[in-house]
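The values are calculated or read from the model by the stated rules, or taken from the named source; none is laboratory data. Keep in mind that this is a model prediction, so the values were computed, not measured. Methodologically, a virtual Cβ is constructed for each residue, glycine included, from the backbone with ideal geometry; neighbour enumeration extends over all protein chains shown. Note: accessible area is taken over every heavy atom of the protein model, side chains too, but ligands, DNA and RNA are not part of it. Shrake-Rupley method; radii C 1.70, N 1.55, O 1.52, S 1.80 Å.
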Amino acid sequence: MVNNQFAMVRPYERTVSRSQPEYHYPGYRATVRRAPSKPLIVLPHTLSEITGPLFGHEDTAETDNDLTRQHKGEPLGERIIVSGRVLDGNGRPIPNTLIELWQANAAGRYFHNTDDHRAPLDPNFTGAGRTKTGSDGSYRFVTVKPGAYPWRNHDNAWRPAHLHFSLFGPAFVTRLVTQMYFPGDPLIPFDPILQSVPDEKARQRLISQFDWNTTQPEWCLGFRFDIILRGREQTPFGT
Ligand SMILES: [Fe+2]
C-alpha cells in the first residue's frame, strides 16, 4: 500500500550547483570540522519525507513579522523594511511558506546566552520573527538594521551586517537556510561565509537591494531580497 502511494508522488529535486557554498572551506573555520569527509550517501525520498511532517499551518501572530513591536518600547537602531518574494526555478511564486528571521540587534549582539560580545542587549528587541508568504509568494518584515559583530574565526574577524532566514516548505527535507546582506557593507569582501559560495553572481544574490518602492517617507528605508529555490538564479543556501 505504501509503495503504491509513493509511486504517485515525485521526490524533491536536489541541488547540484556552484551557486551553493562549499561544505569544506578552510577560510570558514567551522567547516573544517563539520564538513563530510566521505562521499555523501544519497538517501531516497520516501513518502514520509515528501508528505510530512508539516510546518507553517498554525496562525502567526500579528506582530511576528514586525520585530519593532514585540515589546513595550521601540528597539534602538535604524528601522528598516525587508521584503521580497519566494519563487521556484521557473519564477512561479511559492505561497503559504513559513519564513523565519533571526538577527543581532543594532549593536551587533544576539539575544542568546552563548553570545558574549561586549555590546549591549536591547530590552525592546529579541531579534526573531516569522511570517508566511502570500498568494504571490511575497513576504515582509519590519525590523532594525543589525550591527556587525566579531566572531573569532580569524584575527580581527567581523561579520558584515546580516539577517538569517529559514524557509519551511511542506516537509523536513525542504527546509532551507540562508543569510541576507546589505548593499555597500565594507565587510562583505572579507566574509569567509559569503566567500564560501564559489560563484560571484551567486554571492551577489545574497546582497539585498535598496528599494525606493518600499522605503517610506519620514519612517524608514526599504530593502528587497527575493529567494529563488532552484535553477540558474538559485539563492545560495546552507550558509
Ligand atoms: Fe549571524
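Residue 85 passes every criterion in (1) within 25 Å of residue 219 (Cβ to Cβ); (2) within 16 Å of the ligand (Cβ to nearest atom) apart from (2).
Does residue 143 meet the test of being modelled with pLDDT under 95 and among the polar types (S, T, N, Q)? No: the conditions fail for residue 143. Looking across the range 114-137, the residues that are farther than 24 Å from residue 186 by Cβ, within 16 Å of the chain's Cα centre (by Cα) and assigned to a loop (DSSP other than H, G, I, E, B) come down to 133, 137.
Within the option set 163, 229, being within 24 Å of residue 90 (Cβ to Cβ), in contact (Cβ under 8 Å) with a residue 60 or more places away in the chain and surrounded by 16 or more Cβ atoms within 10 Å (Cβ to Cβ) holds for one residue only, 229.
One residue is enough: does the range 93-102 have a residue meeting the conditions within 16 Å of the ligand (Cβ to nearest atom) and open to solvent by less than 40 Å² (accessible area, probe 1.4 Å)? Yes, the range 93-102 contains at least one residue that is within 16 Å of the ligand (Cβ to nearest atom) and open to solvent by less than 40 Å² (accessible area, probe 1.4 Å). The range 138-236 holds strands (runs of 3 or more DSSP E) entirely within its bounds, and those carrying 1 or more residues that are within 16 Å of the ligand (Cβ to nearest atom), among the aliphatic types (A, V, I, L, M) and under 23 Å from residue 62 (Cα atoms) map to 138-144, 162-168. Just to be sure, is residue 108 in contact with a Gly (Cβ under 9 Å, 6 or more places away or on another chain), closer than 22 Å to residue 216 by Cα and part of a loop (DSSP other than H, G, I, E, B)? In short, no. Given the structure, is residue 176 under 21 Å from residue 238 (Cα atoms), open to solvent by 10 Å² or more (accessible area, probe 1.4 Å) and within 15 Å of the chain's Cα centre (by Cα)? When the stated conditions are applied, residue 176 passes them.
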